[in-house]
Amino acid sequence: MSSELKPIKLYTAGTPNGHKASIFLEELKAAYPGFTYEFQALSFAKNEQKEPWFLKINPNGRIPAISDPNRGDFNVFESAALILYLIQHYDKEYKLSFDPVNEPDAYSEALQWTFFIHGGIGPMQGQSNHFFRYAPEKIPYAIKRYNDETRRLYSVLESRLSDGREYLAGAGKGKFSFADVNGFPWVRGYGWAGIQNFEADFPNVKAWLDRIEARPAVYEGLGVPSRGKKMTKEEEEKAAEEARAWILGNPSK
């Protein structure tokens, strides 16, 4: 890959969707000398994602988004669309994807699991996060509803990763690809969503998480825009309380 490439500009925050983008960018950086990126952190507390300058990049006012100076500052929003864009233009050797012409089945599998996660796990676990952590009142039905659905979706991953399969797409044990990147940051946050007995109930998924987290580029991506730390229960409650203040104060976030 040409060393004359300009760095992709990532707009992000420390969320599962933000980490999808930063992890994939770090994986591209590791796979292709000359590829690089830079990032700008946005503050949800200050509602920066709704400022006019950012709405020109993402009209939906959400992170992550990228601007590509190598293609006329072309903007891309929605995390899965962002990853697919990066594959199209920068993963020319299919190191993190599959050749849709010569590996059509593996490519289709990767797309299927990407959309399963993007349309299922992300939204359902996001709602589980909200009602378990942020809602101004505890609604047992809502907490159970989204916790149960998140667990059901995890059970689908558990089945997929059985019989020695290591990654979501590809023949045999599979190959690490964009499909895994799309799901890893969400599932990694199972505890924040209130999912209990995760390791016992989903051992294959836990092994998948560990396998991915051991990758150096994943470690780097999880540090963007800043590296979080393992929190005690008290620290988790404080963090949720602080987030609740701006979530409920900015209903259009």
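Reported count of residues in the stretch 67-102, each being in contact with a helix residue (DSSP H, G or I) (Cβ under 9 Å, 6 or more places away or on another chain) and either touching a residue at least 24 places away in the same chain (Cβ under 8 Å) or not aliphatic (A, V, I, L, M) (or both), is 23.
In the stretch 33-62, how many are in contact with a Leu (Cβ under 9 Å, 6 or more places away or on another chain) and either farther than 20 Å from W246 by Cβ or surrounded by fewer than 21 Cβ atoms within 10 Å (Cβ to Cβ) (or both)? Lay out the reasoning, then the answer.
The first filter runs over the stretch 33-62 and keeps only residues in contact with a Leu (Cβ under 9 Å, 6 or more places away or on another chain), leaving 34-40, 48-49, 51, 54, 61.
Going one step further and asking which of them are either farther than 20 Å from W246 by Cβ or surrounded by fewer than 21 Cβ atoms within 10 Å (Cβ to Cβ) (or both), we end up with 34-40, 48, 51, 54, 61.
Count: 11.
Apart from one condition, V224 fits all of (1) over 16 Å from the mean Cα position of the chain (by Cα); (2) among the β-branched types (V, I, T); (3) in a loop (DSSP other than H, G, I, E, B); the exception is (1). For the stretch 166-221, residues that are basic (K, R) and not in a loop (DSSP other than H, G, I, E, B) total 3. Number of residues in the stretch 63-112 that are in a helix (DSSP H, G or I), of a type in the set (A, V, I, L, M, F, W, C) and under 24 Å from G14 (Cβ atoms) equals 7. Here D91 passes the criteria (1) within 22 Å of G34 (Cα to Cα); (2) open to solvent by 60 Å² or more (accessible area, probe 1.4 Å); (3) charged (D, E, K, R) except the one numbered (2).
Restricting to the stretch 187-218, and then to whatever is closer than 24 Å to A31 by Cα and of a type outside the set (A, V, I, L, M), can you tell me which residue is nearest to the chain's Cα centre (by Cα)?
So, considering only residues that are closer than 24 Å to A31 by Cα and of a type outside the set (A, V, I, L, M), the one nearest to the chain's Cα centre (by Cα) is R188.
Scanning the stretch 149-186 for residues that are among the basic types (K, R) and open to solvent by 40 Å² or more (accessible area, probe 1.4 Å) yields R151, R152, R160, K173, K175. Restrict the check to the stretch 125-148 and report whether at least one residue is among the small types (G, A, S), in contact with a Ser or Thr (Cβ under 7 Å, 6 or more places away or on another chain) and open to solvent by less than 50 Å² (accessible area, probe 1.4 Å). Yes. Here the condition is being farther than 20 Å from A65 by Cα and either open to solvent by 50 Å² or more (accessible area, probe 1.4 Å) or of a type in the set (F, W, Y) (or both); of A245, A193, A240, it holds for A245 alone.
The values are calculated or read from the model by the stated rules, or taken from the named source; none is laboratory data. As the structure is a computational prediction, the values presented were derived from the model and not from experiment. Glycine also receives a Cβ, built like all others from the backbone with ideal geometry; neighbour counts cover every protein chain displayed. Surface areas here come from the heavy atoms of the whole protein model, side chains and all, with no ligands, DNA or RNA. Shrake-Rupley method; radii C 1.70, N 1.55, O 1.52, S 1.80 Å.
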